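Trainee: The structure's right below; bear with me while I get my questions together.
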Amino acid sequence: MSIIIVHDPLTAKLAAADAPVELCAPDGRLLGYFTPAKERQYNLEPPGTPEELDARFAAGGGRPLADILRDLEKRS
């Protein structure tokens, strides 16, 4: 991959991009695409309050892994 150093004011415009951008020459010719490098944000919070999670766990449910694997083997 090649590296091109971008100078102001283009640097500021590209830094402000929050979605992919098409880069065009002054005559309208498409030069390429720019995808901004943004830090990924992950939601590490569990779905629900601690009380809701406790209630889900206490309710039980689900199926044993052996039953799931047996059903998958029947499908193939």
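Coordinate-derived values only; no laboratory data. Model, not experiment: these values are computed from the prediction. In this analysis, Cβ positions are derived from the backbone assuming ideal geometry, glycine residues included, and neighbour counts consider all displayed protein chains.
Trainee: Would you please give the FRET efficiency between C24 and S2, computed as 1/(1 + (r/R0)^6) with r the Cβ-Cβ distance and R0 = 22 Å, to the nearest 0.05?
Mentor: Efficiency computed from Cβ-Cβ geometry: 0.70.
Trainee: At 7 Å along Cα-to-Cβ for each site, give me the label-to-label distance between L14 and D67 in nm.
Mentor: Label at L14, label at D67, 5.6 nm between them.
Trainee: Over the chain, what is the relative contact order in whole percent, taking alpha-carbon pairs under 8 Å and six or more residues apart?
Mentor: The value is 16 percent.
Trainee: Measure nothing but the geometry: give the 0 to 90° angle between the long axis through the Cα atoms of 65-75 and the longest principal axis through the Cα atoms of the chain, rounded to 10°.
Mentor: Roughly 70 degrees, rounded to the nearest 10.
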